[in-house]
Structures are given as structure tokens and as C-alpha cells.
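Worksheet for the structure shown next.
The values are calculated or read from the model by the stated rules, or taken from the named source; none is laboratory data. The structure presented is a predicted model; accordingly, all values stated were derived computationally and were not measured. Virtual Cβ from ideal backbone geometry, glycine too; neighbours counted across all protein chains shown. Surface areas here come from the heavy atoms of the whole protein model, side chains and all, with no ligands, DNA or RNA. Shrake-Rupley method; radii C 1.70, N 1.55, O 1.52, S 1.80 Å.
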Amino acid sequence: MNQKLEKLKQNVIKCKNCNLHKTRTNSVPGKGNFKSDVIFVGEAPGKNEDKNGEPFIGIAGKKLSAALEEANVSRDEIYITNVVKCRPPDNRVPNTDERNTCQEYLKEEIKIIKPKIICVLGNTAFNSVLGGSEITKFRGKIIRKDNQLYFISVHPAATIYNQKLIKVLKKDIKKLFKLIRELNNNKEIKIDIEQSS
Ligand code: URA
Ligand code: SF4
């Protein structure tokens with residue numbers, strides 16, 4: 001374990017910076033390989049995650065694992081986190097204050113891990129991280145902002161009752177890891193959107 005990441009994890013565990021600490025069972029720090037080329041960013045912990053203190057371990061997590069499996073990637077090769085680290089009551093979307101307050105942790109995770117690419121999962125993460133909306137229009141695309149690459153995909157939870165979307169998620173994750181291989185081989189990649197801050 002990376003020491004800075006371990007310290008960050010401890011800070012998240014005891015954090016009371018926003019109202020979500022009042023209703024959580026456990027904070028859910030990011031988890032995975034600190035040497036990963038990619039950080040996956042979801043929305044917020046759900047019921048199972050809140051109970052166990054680990055990200056993406058419920059049904060949405062199973063969908064994500066299935067998509068990774070098809071790309072021949074195991075969960076322990078990558079790093080997974082969320083925009084907010086505590087579960088919003090009744091799984092409501094985290095509000096602006098909660099997202100802004102928790103943002104320092106995500107920024108810190110990115111600074112420590114220095115991923116080649118950040119995979120943004122679903123509208124809440126897309127909006128929080130890049131100010132985006134209309135995920136269905138932007139999924140599968142590569143965005144560059146401030147010298148950081150981002151890849152956009154749908155949220156695994158959205159695929160639970162939607163066979164079409166699970167195919168989309170699987171296709172996107174395959175594309176993402178093909179891209180990472182190309183980046184590692186110093187190949188030129190095509191940026192879909194250049195975003196300025
Ligand atoms: N949905 C998310 O966005 N994150 C999790 O950790 C679990 C479900
Ligand atoms: Fe702290 Fe983030 Fe949890 Fe709010 S959601 S209490 S900022 S860790």
C-alpha cells in the first residue's frame with residue numbers, strides 16, 4: 001500500500017466534512033492498485049458499499065466486474081473510487097455541497113496515482129469531474145483537459161435492467177483498455193474533445 005494513499009484512506013474513514021457523515025454506516029474510500037493506469041470514478045456508495053466500506057461491491061459492482069472480465073482485466077489491477085465517499089440517504093444523487101466538499105479526496109487520489117486516464121462512469125461523475133451532461137451522447141469518447149485524459153462511459157447501475165446498456169458498457173471498457181495499451185506503446189491516440197478549464 002502506498003503511504004499517502006493509506007493516510008488519505010484514514011482521513012476519509014473519519015471525515016465529517018459534509019452532512020453525509022451523519023447518515024452513513026461506513027465511509028467508502030477508493031480501493032485498488034495505486035500503480036493502476038486508470039482510475040474509475042462512480043457516483044456514490046450504495047447500500048452494500050455503505051455496509052462494508054468498499055466501493056462497487058453490490059449489483060452495480062458485479063456489472064462493472066463483468067465488463068472488466070470481458071476486457072481480460074481483474075479488479076485488483078485497477079483503482080476504483082467515487083465522487084462522494086459516503087452514501088447519500090435513499091441513494092439520492094449527491095448534492096453540489098457534498099460533491100464540492102468531497103472533491104478534495106478525489107483530487108488527492110488522482111495526484112497520488114497519476115493515472116494515464118480517468119474513466120468517468122455515468123452522469124453524476126461526468127458532471128462533477130468535467131462539468132458534463134448527456135452521458136449517452138458522450139460515452140465512448142476521449143476528453144483531454146489540463147493534460148489529463150478522460151474516458152466517458154455509462155454508469156454500471158444503469159445497465160442492471162438494460163441489456164443494451166450492458167453491451168455498451170462492455171464495448172466501452174474494451175475500448176478503454178485498448179487505448180491504455182496504445183498509450184503504453186507510445187502510440188498517438190485520437191482525442192475526441194479538447195476541453196479548456
Ligand atoms: N454505485 C456507485 O456509483 N458507486 C459504488 O461504489 C456503488 C454503486
Ligand atoms: Fe467527508 Fe466525503 Fe463523507 Fe462528506 S462524503 S463526510 S466530505 S468523506
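Picking from 65, 36, which residue would you name as being in a loop (DSSP other than H, G, I, E, B), away from ligand 2 (no atom under 16 Å from the Cβ) and under 23 Å from residue 116 (Cα atoms)?
36
Just for segment 93-152: of the residues that are within 16 Å of ligand 2 (Cβ to nearest atom) and open to solvent by less than 10 Å² (accessible area, probe 1.4 Å), which one is nearest to residue 193 (Cα to Cα)?
Filtering segment 93-152 for residues that are within 16 Å of ligand 2 (Cβ to nearest atom) and open to solvent by less than 10 Å² (accessible area, probe 1.4 Å), the one nearest to residue 193 (Cα to Cα) comes out as 125.
Taking the stated definitions as given, is residue 44 open to solvent by less than 60 Å² (accessible area, probe 1.4 Å) and in a helix (DSSP H, G or I)?
Against the criterion (open to solvent by less than 60 Å² (accessible area, probe 1.4 Å) and in a helix (DSSP H, G or I)), residue 44 does not qualify.
Within segment 78-115, track down each residue that is in contact (Cβ under 8 Å) with a residue 60 or more places away in the chain and within 16 Å of ligand 1 (Cβ to nearest atom).
Step one: of segment 78-115, the residues in contact (Cβ under 8 Å) with a residue 60 or more places away in the chain are 84-89, 94, 97-98, 101-102, 105-106, 108-110, 112-113, 115.
Matches in segment 78-115: 84, 85, 86, 87, 88, 89, 94, 98, 102, 105, 106, 109.
Where in segment 93-197 are there strands (runs of 3 or more DSSP E), lying fully within it, with 1 or more residues that are of a type in the set (S, T, N, Q)?
148-153, 193-195
Among the residues of segment 154-165, are any more than 16 Å from the chain's Cα centre (by Cα), open to solvent by less than 60 Å² (accessible area, probe 1.4 Å) and of a type in the set (S, T, N, Q)? Working first, answer last.
Of the residues in segment 154-165, the ones more than 16 Å from the chain's Cα centre (by Cα) are 160-165.
After this cut, where a residue has to be open to solvent by less than 60 Å² (accessible area, probe 1.4 Å) as well, the list is 160, 162, 165.
In the following step, the residues that additionally are of a type in the set (S, T, N, Q) were identified as 162.
Within segment 154-165, one or more residues are more than 16 Å from the chain's Cα centre (by Cα), open to solvent by less than 60 Å² (accessible area, probe 1.4 Å) and of a type in the set (S, T, N, Q).
For the condition within 16 Å of ligand 1 (Cβ to nearest atom), open to solvent by 50 Å² or more (accessible area, probe 1.4 Å) and touching a residue at least 24 places away in the same chain (Cβ under 8 Å), what is the one hit in 39, 59?
Among 39, 59, only 59 is within 16 Å of ligand 1 (Cβ to nearest atom), open to solvent by 50 Å² or more (accessible area, probe 1.4 Å) and touching a residue at least 24 places away in the same chain (Cβ under 8 Å).
Among the residues of segment 63-95, count how many are out of contact with any strand residue (DSSP E or B) (no Cβ under 9 Å at 6 or more places or on another chain) and acidic (Asp, Glu).
The total comes to 3.
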